[in-house]
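Single-structure report; data block below.
The values are calculated or read from the model by the stated rules, or taken from the named source; none is laboratory data. Note that this is a predicted model, so its numbers are computed, not measured. Because the Cβ atoms are built from the backbone with ideal geometry, glycine has one as well, and the counts that use them run over all protein chains shown. Each accessible area value is taken on the protein alone, full model and side chains, heavy atoms only, with ligands, DNA and RNA left out. Shrake-Rupley method; radii C 1.70, N 1.55, O 1.52, S 1.80 Å.
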Amino acid sequence: MAARRESSLRARPADTLDKQAAAAEMESLREEIRHHDYLYYVKNAPEISDAEYDKRFSRLQALEDAFPDLRTEDSPTQRIGAAPVGTLRKARHAAPMLSLQAVREQADIESFLKTARKAAGGEKPGYVLEPKFDGFSVELVYEKGRLVRGVTRGDGETGEDITHNLRTVRALPLVLQGDAPPHSLSVRGEVLMPRQAFQALNKARLERGDEAFANPRNAAAGMMRQLDPGKVAGRRLDIFCYDILDSSDEPLPSQTETLASLAAWGLKTCPLNDAADTIAAIRRYHDRLAEQRETLEYEVDGMVVKADSRDVREALGVRARSPRWAIAWKFAPRQEVTTLEDIVVQVGRSGILTPVALLAPVDVGGVTVSRATLHNADEIKRKDLRVGDTVRVIRAGDVIPEISERLSRPGKKQGKPFAMPERCPACGAKVVREGAYFRCEAGLSCPAQLVGRIRHFAQREAMNIDGLGEKTAAQLVSRGLIADLADLYTLKPADVQTLEGFGKKSAQQLYDAIQNAKTPRLDRFLHALGIPRTGRRTARLVARELGSLDAVQKASRKALAALPGIGDETAAALHHFFRQEENRDVLQRMRRAGVKVGEMAGREAGRQPLKGKTFVLSGQLARFTRNEAKDRIETLGGRATSSVSGETDYLVRGESPGSKLDEAEQQAVEILDEQAFLKLIGEA
Ligand code: IVH
């Protein structure tokens, strides 16, 4: 290496070299750079300074510029700068990419060990212990030692081709090392976004006005599914490899040897991998990793126990989607202790007052938490929460943070018990109690309710008015431009232009978006009105049964209650809404402004193939957003719920499914991949 280094440093200008000399120097530079990439990104042990490295890199670039036909695909200079792709193409995996059964209790690990021992003929088998990386699972395909393809896990059988993005991951070799990597090799690994990179990315996104990613896993997934690799390069993504999906060589006899071979080929394996053969040692690893968790650069959400020997694995076999030879032992949800600084009360669109906890900001597993939902007054009373208390905050995955309990501090006096305000904090009107809830009586004359109503009306699943978010709605209300929903349709571009943040063009755009929302489907319109007890599902049921706005408005309470799936209270709420003078007035004025609500009948009414079936969605689908998929399910008579329970008939799994998939597997719920789901809804 030393001789090469010198030759580069005393180099002649690139364009004065003959081709042969250039080719030789380029090849040796590439090898050298690959080696230093390996030391830096895989081994975490660089041997030269960044400046030294950059010198070599620029020299190689200069040579490739001078001799473009000598540039190769696997050159280190070619990680970035590939052209964006049009779409992500489908690609089949070499072997199914299975998922893992997940448990939280030691007893479940003990029974896993028992089963493994039985399968091993009574002898105590050895296990490999690995962190369970909370990242984005990928397949890497190497042909003749060259990275030729990278694929997302997708539904486990087929994923999407993301080679262009994976090439930007510097810890991933474009060319394998070592004596004799298999002629063709397919490896499984997990792409991770280190915490720091995640925070930097979110900061940049927020500054640009984009939404922040909820966690590093989503960020890694978001990056990997980009069409333009230029947006991924420089994001400091990392990868750990942990399995061979397929190989042209003889299968290796154990996981230990698999990990050793991956490492020998220059692929990055996790330095925290370990081995054990007793529950005590597994427990120790679990507890140690749980402790280390907050200080690791990347997220782990548990550990994985894998039977080491291939023979034992074969004896154990696989279930439909997860092997019997491995199990994930997940960590408890994250929690932190902080101070409850204040309890504020928010007013929703229906006037319901919701208490929200303001907390001394605390980092709960990489996410700063400063607010938590408190649900309602009873919950605060049950937990006896008071301003100034020390509280425990938990955050499970993407779920909104919650206060799990108050920590008593002997000797510390608690503040005053919380009481719901007697007057609405937004408008000062009287607050009335309805069961567990408190409601502002003012209706639409309460600005908080009106803003909430407008937002609800405009949202994508309702009238889909682009550009009418919280801020704009609040301004329209506070400036007195809108006093109810019908006023939206008489807004002029000139009115909008007076709002902060609007120019001539954006004002016209919002105006156009409102004008375009004059012919809604009946179910969407009913949902958009924000009638109490009438969510999307109820709106759809009513729309399908009654067919027109006119019929809904005229229906008696009894007729509404007789509709399938509509209870007495919902019927009463609907009936009441359409009898109220101010609502009738709003509808009348909307009609006059040109709003024409579509009618529904026939085909949709008849076709209910999903009737009585309950679905849970997990992961991202390629064809629909989550809400679109829900919409389809409900349109066809099914129900979409958010968690797996005894009532769940199907789990629809998309890209990067979460823990719901594990739950579904444990509860033996039928799992549909996207294709099977499309078939079921007749859209395959
Ligand atoms: S092994 C056939 N090992 O966890 C066994 N998976 O469902 C396949 N994961 O989607 C997985 N760290 O992406 C394995 N050390 C590890 C892992 C790991 C994270 C992911 C994997 C899988 C999910 C569990």
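Working only within the stretch 40-55, note down all residues that are within 39 Å of the chain's Cα centre (by Cα) and in a helix (DSSP H, G or I). I'd like the intermediate steps shown before the answer.
Looking only at the stretch 40-55, we keep the residues that are within 39 Å of the chain's Cα centre (by Cα), and these are 40-51, 53-54.
Within the stretch 40-55, 40, 41, 42, 50, 51, 53, 54 meet the criteria.
Which residue is nearest to residue 64 (Cα to Cα), if the candidates are limited to the stretch 78-107 and must be open to solvent by 60 Å² or more (accessible area, probe 1.4 Å) and within 16 Å of the ligand (Cβ to nearest atom)?
Among those residues, the one meeting the criterion is 96.
Here are 605, 676: which of them is at pLDDT below 85 and more than 16 Å from the ligand (Cβ to nearest atom)?
On the way: 676 fails: at pLDDT below 85.
Answer to the check: 605.
Any idea which of 341, 299 is touching a strand residue (DSSP E or B) at 6+ places or on another chain (Cβ under 6 Å) and not β-branched (Val, Ile, Thr)?
Step by step, each of 341, 299 is checked, and only 341 is touching a strand residue (DSSP E or B) at 6+ places or on another chain (Cβ under 6 Å) and not β-branched (Val, Ile, Thr).
Taking the stretch 399-446, which residues are assigned to a helix (DSSP H, G or I) and open to solvent by 50 Å² or more (accessible area, probe 1.4 Å)? First the steps, then the outcome.
Kept after step one, since they are assigned to a helix (DSSP H, G or I), are these residues of the stretch 399-446: 443-445.
445 - this is the single residue of the stretch 399-446 that is assigned to a helix (DSSP H, G or I) and open to solvent by 50 Å² or more (accessible area, probe 1.4 Å).
What residue, among those in the stretch 659-672 that are part of a loop (DSSP other than H, G, I, E, B) and within 16 Å of the ligand (Cβ to nearest atom), is least open to solvent (accessible area, probe 1.4 Å)? If you could, list the steps in order and put the result at the bottom.
Going through the stretch 659-672, the residues part of a loop (DSSP other than H, G, I, E, B) turn out to be 667-669.
Next, from what is left, pick out any that are within 16 Å of the ligand (Cβ to nearest atom): 667, 669.
Details: 667: 90, 669: 17 Å².
Only one residue tops the list, namely 669.
Could you tell me whether residue 323 is in contact with a Leu (Cβ under 9 Å, 6 or more places away or on another chain), surrounded by fewer than 18 Cβ atoms within 10 Å (Cβ to Cβ), touching a residue at least 24 places away in the same chain (Cβ under 8 Å) and not hydroxyl-bearing (Ser, Thr, Tyr)? Explain how you work it out, then say what you get.
On the way: in contact with a Leu (Cβ under 9 Å, 6 or more places away or on another chain): yes; surrounded by fewer than 18 Cβ atoms within 10 Å (Cβ to Cβ): yes; touching a residue at least 24 places away in the same chain (Cβ under 8 Å): yes; not hydroxyl-bearing (Ser, Thr, Tyr): yes.
In short, yes.
Quick one: would you say residue 349 is open to solvent by 20 Å² or more (accessible area, probe 1.4 Å) and assigned to a loop (DSSP other than H, G, I, E, B)? Let's see the steps before the verdict.
Values: open to solvent by 20 Å² or more (accessible area, probe 1.4 Å): yes; assigned to a loop (DSSP other than H, G, I, E, B): yes.
Taking the combined requirement at face value, the residue satisfies it.
Kindly indicate whether residue 110 is among the charged types (D, E, K, R) and farther than 22 Å from residue 174 by Cβ.
On the way: among the charged types (D, E, K, R): yes; farther than 22 Å from residue 174 by Cβ: yes.
It is true that residue 110 is among the charged types (D, E, K, R) and farther than 22 Å from residue 174 by Cβ.
State all residues of the stretch 170-227 that are among the polar types (S, T, N, Q), open to solvent by 60 Å² or more (accessible area, probe 1.4 Å) and either within 17 Å of the chain's Cα centre (by Cα) or within 16 Å of the ligand (Cβ to nearest atom) (or both); if no residue qualifies, say none.
Selection gives 199 alone.
Would you confirm whether or not the stretch 543-564 contains a residue that is within 19 Å of residue 460 (Cα to Cα) and either among the aliphatic types (A, V, I, L, M) or at pLDDT 90 or above (or both)? Talk me through it step by step, then tell me what you get.
Of the residues in the stretch 543-564, the ones within 19 Å of residue 460 (Cα to Cα) are 543.
Right, trim to either among the aliphatic types (A, V, I, L, M) or at pLDDT 90 or above (or both) and you get 543.
Within the stretch 543-564 (the criterion being within 19 Å of residue 460 (Cα to Cα) and either among the aliphatic types (A, V, I, L, M) or at pLDDT 90 or above (or both)), the answer is yes, since at least one residue qualifies.
Among the residues in the stretch 238-254, are any at pLDDT 95 or above, of a type outside the set (Gly, Ala, Ser), buried (at least 16 other Cβ atoms within 10 Å of the Cβ) and over 27 Å from residue 88 (Cβ atoms)?
Yes, the stretch 238-254 contains at least one residue that is at pLDDT 95 or above, of a type outside the set (Gly, Ala, Ser), buried (at least 16 other Cβ atoms within 10 Å of the Cβ) and over 27 Å from residue 88 (Cβ atoms).
Looking only at the stretch 144-157, count how many residues are open to solvent by 10 Å² or more (accessible area, probe 1.4 Å) and either closer than 28 Å to residue 295 by Cα or within 15 Å of the ligand (Cβ to nearest atom) (or both). Talk me through it step by step, then tell me what you get.
Taking the stretch 144-157 and keeping what is open to solvent by 10 Å² or more (accessible area, probe 1.4 Å), we get 144, 146-149, 153, 155, 157.
Filter again for either closer than 28 Å to residue 295 by Cα or within 15 Å of the ligand (Cβ to nearest atom) (or both), leaving 153, 155, 157.
Total satisfying the criteria: 3.
For the stretch 572-658, give me every one of the helices (runs of 4 or more DSSP H) that falls completely inside it and has 1 or more residues that are on the phi > 0 side of the Ramachandran plot and open to solvent by 60 Å² or more (accessible area, probe 1.4 Å).
On the way: elements: 581-592, 603-606, 626-635.
Qualifying helices (runs of 4 or more DSSP H): none found.
Might you let me know whether the stretch 108-127 holds any residue that is under 29 Å from residue 654 (Cβ atoms), assigned to a loop (DSSP other than H, G, I, E, B) and within 14 Å of the ligand (Cβ to nearest atom)?
Checked the stretch 108-127: no residue is under 29 Å from residue 654 (Cβ atoms), assigned to a loop (DSSP other than H, G, I, E, B) and within 14 Å of the ligand (Cβ to nearest atom).
Of everything in the stretch 457-468, what is open to solvent by 20 Å² or more (accessible area, probe 1.4 Å) and over 15 Å from residue 507 (Cβ atoms)? Give them in sequence order. Walk me through how you get there before you give the answer.
Step one: filter the stretch 457-468 for residues open to solvent by 20 Å² or more (accessible area, probe 1.4 Å), giving 459-461, 464, 466-467.
459, 460, 461, 464, listed by residue number.
Quick check: anything in the stretch 126-143 of a type outside the set (Lys, Arg), surrounded by fewer than 20 Cβ atoms within 10 Å (Cβ to Cβ) and under 23 Å from residue 310 (Cβ atoms)?
yes
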